[in-house]
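Here the structure comes first, spelled out in structure tokens, and everything after it is commentary.
A short reminder: the numbers here are calculations on the coordinates, not readings from a lab. This is a predicted model, so every value here is computed, not measured. A quick note on method: Cβ atoms are made from the backbone with ideal geometry, for glycine too, and the neighbour counts reach across all protein chains shown.
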Amino acid sequence: MGYDIIVVGTGPAGLMAAEHASMQGLKTLVLEKHASATDSLMGELVTDRALNLLRVKPDSEYVGNKFTSIVGESLDTGSNIVVDRTLLGNSFLLDEHNCKELMRDRALSDGGEFRYNSSVKSVVKEGASVVGVKYDSSNEARASLAVGADGSFSRVSETAGFTHPKWLLSYGHRFKLANCKNVDPNVAYFYVGKDIGLGYLWLYPRSETEVNLGIGRVPSSKQNWRRLPPMQDVLRKYMKTHPETANAKIVSVNGGVVPCAGIIPRFTDAGVALCGNAAGQVSSIVGGGVTTCLHAGQVLAKHAKRMVDSNDFSKKSVYLYEKEYRRSKLASNINNTGKGMWAVSKYSMLNDPIAAAEIVLGQLDARTLNELIQGHASIATYMTLMTDFLPMVAKIGVGYLKAIAMTGL
């Protein structure tokens, strides 16, 4: 074999896998379809866990800002709820460019090889095992382990035979803005509204004059999707109608597609493994995919080292990576939020999700909402929902049951 491991894609999962595989002495090749490792979109809002995985400090150049509160607000009515630091904990805005360069440079310093403008077309198989990948028009690279970290529409996944029976996707766009005015750098915002649809618009300040403004939207149905204005139009409308961004300059535009249905049924096989978005290792709530992807890349690299040392890349051996990942708390959170997104998607087929969001913003307290979003609500929280907020729960629940009955899902 030419390499111990080939990593396809330079998102957070792929770069973390490449960094740790190279650090452990594995002969590593990274293939990226874009011109550089920093071209693809990476999430930014993280907690201490992501900083620990990246091995960076909060006051370093790899962290662009730290927030003391997060506000959820309706663009239509102004209803809002504030989650302050007592509930939030530490919340940071990564400098994604610097973080991706850091992981790339660490891999390079330990002998990792990167090839850009290299679009992977398929895996290469010998018998039942994957032994490499084909890329561009006629190039081929061979390795003991091929890693598909190439996103939601992974070519490695598709050509290796993995399936996605419940593939629910969030489509997003993001503007980086400069020349903003009077921005409070301590507060991050999440917005809902009729123009946004099933999803949210976010504003993450980097400073008093710079912000990241983005939108993510999940299509609940073709009809609902077609009724909505284009996402970039929604961002531009926000800019024009808010004094902080009315005269801002768009420095860059980026976008991406994020899976939000939970981890896929199987993401390993003989000689091949998926990582990050390709495996559905993303929590769809408030950009929770960065930490889960970094964690997945680290776990995968550890098992890649084990496979190389034992010279065992069989289906059973590669599966040990999947087995460990599925047992992690992060994996449990991913699947819980995935189930929640499927429920919301079903609800939105026949009900107005924005009306439901207005009810939540107007009635729930910050602590309860934060626990539900983070996926660690206690029995006491659920009991509170069924007592103090019973009318709200009943109203939304009836709509959900109606959607289940009508769609047959």
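For every other residue with a beta carbon closer than 14 angstrom to the beta carbon of Asp309, add +1 if it is Lys or Arg and -1 if Asp or Glu, then tell me the sum.
Numbers: positive: Lys27, Lys302, Lys305, Arg306; negative: Asp4, Asp312.
Around Asp309, the charge tally is +2.
Pull up the cross-link candidates among the lysines for Lys222, meaning alpha carbon to alpha carbon under 22 Å and not fewer than 8 places away within one chain.
Here the lysines satisfying the reach criterion relative to Lys222 are Lys166, Lys194, Lys339, Lys346, Lys402.
If we count every other residue with Cβ under 12 angstrom of Gly64's Cβ, Lys/Arg +1 and Asp/Glu -1, where does the sum land? Don't skip to the answer; put the middle values down first.
Working: positive: Lys66, Lys176, Arg206; negative: Glu44, Asp59, Glu61, Asp95, Glu96, Glu210.
The answer is -3.
Starting from the amide H of Lys121, placed 1.01 Å from N in the peptide plane, find each other amide H under 5 Å away whose residue is 5 or more places distant or on another chain.
HN-HN under 5 Å from Lys121: Lys134, Tyr135, Asp136.
Would you kindly give the portion of the calculated P(r) for the stretch 24-74 that falls above 12 Å, as a percent of all Cα pairs? Don't skip to the answer; put the middle values down first.
Working: 989 of 1275 pairs.
Cα-Cα pairs in the stretch 24-74 separated by more than 12 Å: 78 percent.
With a cap of 12 neighbouring Cβ atoms within 10 Å, and only residues DSSP puts in a loop, list the trypsin sites (Lys or Arg not before Pro) found in the stretch 38-81. Walk me through the intermediate numbers first.
Working: sites: Arg49, Arg55, Lys66; in loops: Arg55.
Listed in order of number, the matching sites are Arg55.
Lys302: which lysines have alpha carbons under 28 Å from its alpha carbon, excluding same-chain residues fewer than 8 sequence positions away?
Lys27, Lys33, Lys57, Lys100, Lys121, Lys125, Lys134, Lys315, Lys316, Lys323, Lys329
Counting only residues 5 or more places away or on other chains, whose amide H sits under 5 Å from the amide H of Phe114 once H atoms are built in the peptide plane?
Here Val30 satisfy the definition.
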